[in-house]
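To keep things clear, I will list the structure first and then write my remarks on it.
The values are calculated or read from the model by the stated rules, or taken from the named source; none is laboratory data. The structure presented is a predicted model; accordingly, all values stated were derived computationally and were not measured. Ideal geometry is used to build each Cβ from the backbone, glycine not excepted, and the neighbour counts take in all protein chains shown.
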């Protein structure tokens, strides 16, 4: 309960009001923590509606909030219809197989996979799988590398120029190189995952690992001398020193890098999916842009809002994980 109240600061005054404790002060707290943000969102929606009604494009009027709500409902309906088609497809196969087996008991029944068009919800799931795969791969490389670099001033000086050179490289520059390398090395008649997925994942990994490397190295390098002295007095070996001293002390900075890396990974993913034509939100936006129908702008705007909301939720989740594993409980959901 304490964790829940800390993560939702507006909930504590609600509980106090229910108990009759200092009602006026707690109402003011609720207004500041909930009312003001809601007012800001309302003003934004009003400005958006007013601006959209005065912008005409080659595909029609720029979508306003009502258009986004309408297209969100349409996309959800299309998802449900596609799911019903998939269910009906498998039911027909099962019926045919049952009839065939009734006539021929030796028949080996086969179930063909449903190959319908991916829905908007499906593409959200694909994007999340791709970005998390690239982020996890980047973290598995960046965290150990950052620790090793942070523990050695010479290594830090040696790697820093390389990091600073590759850190600002755009995914648009990485993707052609990644595509050629993957095409040369990932050769299979029956690949486990599509090449487009591998291209997107590796591009995301290359673009998002640098903040974690830098912040982890800085966090490790800034460990207090007192902690180093404790390790020396206890005569801890290298691995034990890293596990018992380095990791706990550098977790706050490390998670700062991980949060930055995840946000960069999510931004990079959309561009990578567009160019690699890997199913996902990026490809959805590109396909709608190419489609050019009267609903395309509204659907693209739905994708823009979805991308922003998912990015926000991913950051909140990372911050909650940080609070769970870190000794520094001062990290708040800001």
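Taken as a whole, the structure places residue 281 among residues that are touching a helix residue (DSSP H, G or I) at 6+ places or on another chain (Cβ under 8 Å), buried (at least 24 other Cβ atoms within 10 Å of the Cβ) and modelled with pLDDT of 90 or more.
Whenever a residue of the stretch 100-119 is free of Cβ contacts under 8 Å to residues at least 12 places away in the same chain, its partners that are surrounded by 10 or more Cβ atoms within 10 Å (Cβ to Cβ) and outside any helix (DSSP H, G or I), lying with C-beta atoms within less than 6 angstrom and at least six residues away or across chains, give the pairs 100/107; 101/107. If you filter the stretch 166-193 down to residues that are under 25 Å from the mean Cα position of the chain (by Cα) and exposed (fewer than 10 other Cβ atoms within 10 Å of the Cβ), you find that the one that is nearest to residue 218 (Cα to Cα) is 168. Inspection of the stretch 129-148 identifies at least one residue that is assigned by TED's automatic domain parsing to the domain that holds residue 275, more than 20 Å from residue 262 (Cβ to Cβ), touching a helix residue (DSSP H, G or I) at 6+ places or on another chain (Cβ under 9 Å) and in a helix (DSSP H, G or I). Being assigned to a helix (DSSP H, G or I), free of Cβ contacts under 8 Å to residues at least 24 places away in the same chain and either closer than 18 Å to residue 146 by Cα or in contact with a strand residue (DSSP E or B) (Cβ under 9 Å, 6 or more places away or on another chain) (or both) is a condition met by no residue of the stretch 285-307. What about residue 73, is it on the phi > 0 side of the Ramachandran plot and either surrounded by fewer than 14 Cβ atoms within 10 Å (Cβ to Cβ) or in contact (Cβ under 8 Å) with a residue 40 or more places away in the chain (or both)? Criteria not met by residue 73.
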